[in-house]
Structures are given as C-alpha cells and as structure tokens.
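S.K.: Below is one structure. I have some questions about it.
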Amino acid sequence: MPRPSRPIALTDTVTPRRRRFLGQAGALLAAFTLTPRLGWAQGAAFVAVRAWPAEDYTRITLEANQPLHFEYQFVPDPDRLVIDLPGMSLDEVLKSLPGKISAEDPYIQGVRVGQFRPDVVRVVIDLKQKAEPQIFTLDPVAQYRHRLVIDVYPKTPRDPIQALLAELGNKHGASSTAGTPQLSETPDLPPAATLSPPAKGRTPASAPYVIVIDPGHGGEDPGAIGRFGSREKDVTLAVARRLKRILDAQPKLRCALTRNDDYFVPLGERVRRARAAQADLFVSIHADAVVGSDARGSSVYVLSDRGASSTTARWLANKENEADLIGGVNLGQKNEHVAKTLLDLSLTATMQDSAKLGRHLLTSLGEINPLHKRDIEYANFAVLRNPDVPAVLIETAFISNPEEERRLNDPAYQERLAQAISKGLQRYLEAAAPTPRLLMAARDGKG
C-alpha cells in the first residue's frame, strides 16, 4: 500500500528538478484557474452608447463587440439602479454615457460609470422617481452588434392610451357644440363639387373622426438611410407632425401620433394604440430604400394575407417587419392581446376599406409626386394587421434616390406631402361617410 504523500514544508530542501516540477504545476494550475475569466474578457469592448428619453420611458443602450452579461439591483435613499457588467473594462466609449443624459429627462437624474472591480464595470443610474426597469440583451441585427437595453419605466406607468384619449376628448368637447362643417372646408382641397359625394342615406355624425398617424421607425431603429446620411425616422416624424397640424385644424377631425419624438415604439404597440384610441383610420408613413438609386415615386400599400403584389412589395414588407428586431423589443414582455391581434386574419371587410382609402391617397400623392406604381400594392406589413381599422402604409418617396432624398429634407416639400395626404384622407371620408367610432362607442355605452 503506497504511503500518503506529505506536505512540502517551507524548510524542505527543494532541488532544481523539484523546482522545475513545482513551477510547471503552478503554471498549469493558474491556467486552469484564470483561463475562463481571461477568455471571457479578452477583446471585449464597448462600441457605442446611446440614450433615448421619451414621455413613456427612457431607453439606454450599451453596444459591445461581444455578448454582454449583467446583474442589477435597486439601492434606495436616493433611488438608483446599479448595473454590474462582468468581463468588461471602463473605456472612453462608456465614459461618454453620462454626457448623453438630458437634464430634461423625465426619469433619469444622471448616470455614473466606473471600474468596480478589475473585471467588472459598474453603471449607476440615478433616478428622479421610483422606476420599473426592463433590462434585456439583443443579438446582432442589421447595423448593430451585441446590445444591452435598459428601459427605465416609472413605477406608476404613464398610460399613453389614456393621454391620447384625453386629448381626443378635449377636441370632441370643443367641436360638439359647433355646427356640422364640411370636410372640404380645408383651403387646400379642391371645390366640394369635384369630390366624390357622400354615400346615400349617410350624414356626418356629431363626433370627430379619429385618424392615427404612425411615423415609421424611431429611436434605435433609424429606418432606411439615404446616400447623404438622411434617416427615414427623421423624415417620417417631420411629415407626420405637419400632417397632424393640418388635420387638427379641421373641426370634424382629430389626429394622434403613435410617437411624437425620436424613440422606439414596437409594431404591436402601434396597432394597440390605434385600436384603443378608437381610430377610424390608421396611416403609417415611411420613406424607404431599395438596392440601387433608380427607384422613385410614391407608393401606397395595404395589407394582404395572400402574398405580395410584387417583388419590391415583398422585400419592403420583410424589411419593415424587422423593425422590432432593430428597434429592440423585450420578448419576455409580449402582450397577449397584441399577440392575438397580430394573428387575427379575419380582415376581409377592413382590407376592402383600406384599399379604397389607399386609392384616394394614391390619387392625391400623384398630384404632387411621380407614382412608383399606378395602383396600390399589397404586402403583409405587420403594422397594418389591424382587424377593425382601415390601415395603409405610405412610401412618400425613395430615400435611396439622391434627388428624392434631397426633396424629403426640404420643409416645403414635406408640407406638400402632408397636404396631399390630408386631401386623400378627407376625400375618402367624404366618399365613404362612415360613422365615427367614437360615436358608435357612445351609442353602445362604451364611450
């Protein structure tokens, strides 16, 4: 039976041969101990940091060249969110984060960053109020690499739907005591005699039509980018704001935006907001790009559950439907109601109304801009999957075309686009004369 080995005492004589053996063993032990940690951190670096303040929530994005791991905790008095990032080192990119926090941010007082331990970076977010964060990672997609997303929501969340409904209610109350003006009173519209007459037996009701305008993309999702650096998300918001101003000037119309600043709204949430606002019409505004610079002109798309009407339509739909991946959706927070809505395919009547609306819009856009196609196109855009609201997606022009990119950045041209879209919307409402959904809800005791 072999004898048990005895410990090496400090007083033992260590021969050169034993010294070499011990050195090799120590190196091997160190390699086994340190390799996982060194392998984790080797080459890991931040490549960008961004902050997107908004009324609903503030988003902070940390982007790195390798997957980011994190741990977080709340610390009270004062309230702050502490996030540790193992395997990372403090660098100049992360040091720039505090300077990206606006003093007007509704939820974040400030941000501090530091090297908490040799292999752990710490980010401290000082809060202005109690918060309910959502923190999640995103795999690389489009132009982005590995991202850690920190969404700071208030503990008592602001309900964008209630705010929107309150705004609509104020307009309804102001207009309900007025007469019944004709929609064609907008100065830019042709004389009423040139418009399609209202459907027989239908009269305008004493409630406004609610039109929800959806400026495409936003926040982390820039949309298409033109040759000279123009971003689709900026163009769509500029046109949408102009359109809202024009529509709100009409006593019988009320307009709401799915976003009113540069922040990301998931596709399903855009649909939910339109439905909760009891929208009569939903218009998503875009300025997309295709490979090459020759494509030009305006297009109008409506939902199809039978495939796309052209290769371009299919390509554009697939590209727009990636918005949630690029903008960053926390898949762990999926709303069951939204998921059910997106899967609802009983859209026949609504799609017919959408097609009629689309043709009116295409005609109006054709008065100021070349048309990419003479008729509306069909594709399976996620943002148009709305079971009870006529919905269209407008490609105002191709930002990939240098000439059209220049025009899209011209405020005067943006105004002409907004006026043309307004004409198309009002022409449809005069021709179809649907009962406003706000009035139907009131009659059913839901308003």
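Values quoted throughout were computed directly from the atomic coordinates according to the rules given, and no laboratory measurement underlies them. All values derive from a computational prediction rather than experimental measurement. Glycine gets a Cβ as well: all are built from the backbone with ideal geometry, and neighbour counts include every protein chain shown.
S.K.: Starting from the alpha-carbon convex hull of the range 46-154, give the projected area averaged over all orientations, in nm².
M.R.: For the range 46-154, the mean projected area of the Cα convex hull comes to 6.5 nm².
S.K.: Which loop GluC sites (Glu not before Pro) in the range 41-91, with loop taken from DSSP, have no more than 14 other Cβ atoms within 10 angstrom of their Cβ?
M.R.: GLU55
S.K.: While we're here: Over 21 Å between Cα atoms: which of LYS244/LYS423; LYS128/LYS155; LYS100/LYS244 fall into that group?
M.R.: Flagged as over cut-off: LYS100/LYS244.
S.K.: Determine which residues of the range 421-435 fall in the zone a paramagnetic label at THR363 would reach in this model, i.e. backbone nitrogen under 15 Å from the point 7 Å along Cα→Cβ.
M.R.: Answer for this model: 421-433.
S.K.: With a cut-off of 8 Å between alpha carbons and a minimum separation of six or more residues, what is the relative contact order of the range 46-154 in percent?
M.R.: Here the relative contact order equals 31 percent.
S.K.: Label point 7 Å out from SER102 along Cα-to-Cβ: which residues of the range 118-132 have amide N under 18 Å?
M.R.: 126-129
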